Amino acid sequence: MSLIDLRGKVVLVNFWATWCGACRSEMPGFQAVYDEHRGQDFTILAFSVDETGSGTVRDFLQEHGYTFPVAMVTEAATRSFGVRGVPVSFLVDRKGDIRQTVYGAFHEDDLDAAVRQLLLE
């Protein structure tokens, strides 16, 4: 899956790690917004920077019931996005333009309001 495949959708691109407290705190809100809007041309692409492997990430996701798309990402890929720490999120509009960047936790109410606005455009 690539962002080009998602053109026409609003996409939250998030970089996170299982060991990151702020990342862990924002994820229940991500799940709630994903559940609310996924049938409305919204999705999440969450990229884990965990170096312990996909098993750790898979176990974490299953334990907490997170169902939005998650992939592992390399350090080189994080650099191409300009990511220097986690969490960081990029909210991408239907045209593929980054409309909002959030360093630190992206709170559920703020994410929901931003997604609703972009879905109306």
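The values are calculated or read from the model by the stated rules, or taken from the named source; none is laboratory data. Bear in mind the structure is a predicted one, so any value in this text is a computation, not a measurement. Backbone-built Cβ (ideal geometry, glycine too); neighbour counts: all protein chains shown.
Structure values in brief
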item	result
Single match in 61, 45, 91 (criterion: surrounded by 12 or more Cβ atoms within 10 Å (Cβ to Cβ), touching a residue at least 24 places away in the same chain (Cβ under 8 Å) and out of contact with any helix residue (DSSP H, G or I) (no Cβ under 7 Å at 6 or more places or on another chain))	45
Any hit, segment 100-111, residues being touching an Asp or Glu at 6+ places or on another chain (Cβ under 6 Å) and part of a loop (DSSP other than H, G, I, E, B)	yes
Number of the condition not met by residue 52 [criteria: (1) modelled with pLDDT under 95; (2) in a strand (DSSP E or B)]	(2)
Those residues of segment 73-90 which are over 10 Å from residue 103 (Cβ atoms) and in a loop (DSSP other than H, G, I, E, B), in sequence order	73, 74, 81, 82
Residue in segment 20-32 that is assigned to a loop (DSSP other than H, G, I, E, B), at negative phi, surrounded by 19 or more Cβ atoms within 10 Å (Cβ to Cβ) and among the aliphatic types (A, V, I, L, M) present	no
Segment 26-40 - residue that is at pLDDT 95 or above and charged (D, E, K, R) and, of those, nearest to residue 81 (Cα to Cα)	26
Criterion violated by residue 71 - all others in (1) among the aliphatic types (A, V, I, L, M); (2) within 22 Å of residue 4 (Cβ to Cβ); (3) modelled with pLDDT of 95 or more satisfied	(3)
In segment 100-121, the residues that are surrounded by 15 or more Cβ atoms within 10 Å (Cβ to Cβ), more than 16 Å from residue 32 (Cβ to Cβ) and without any contact (Cβ under 8 Å) to a residue 24 or more places away in the chain	100, 102
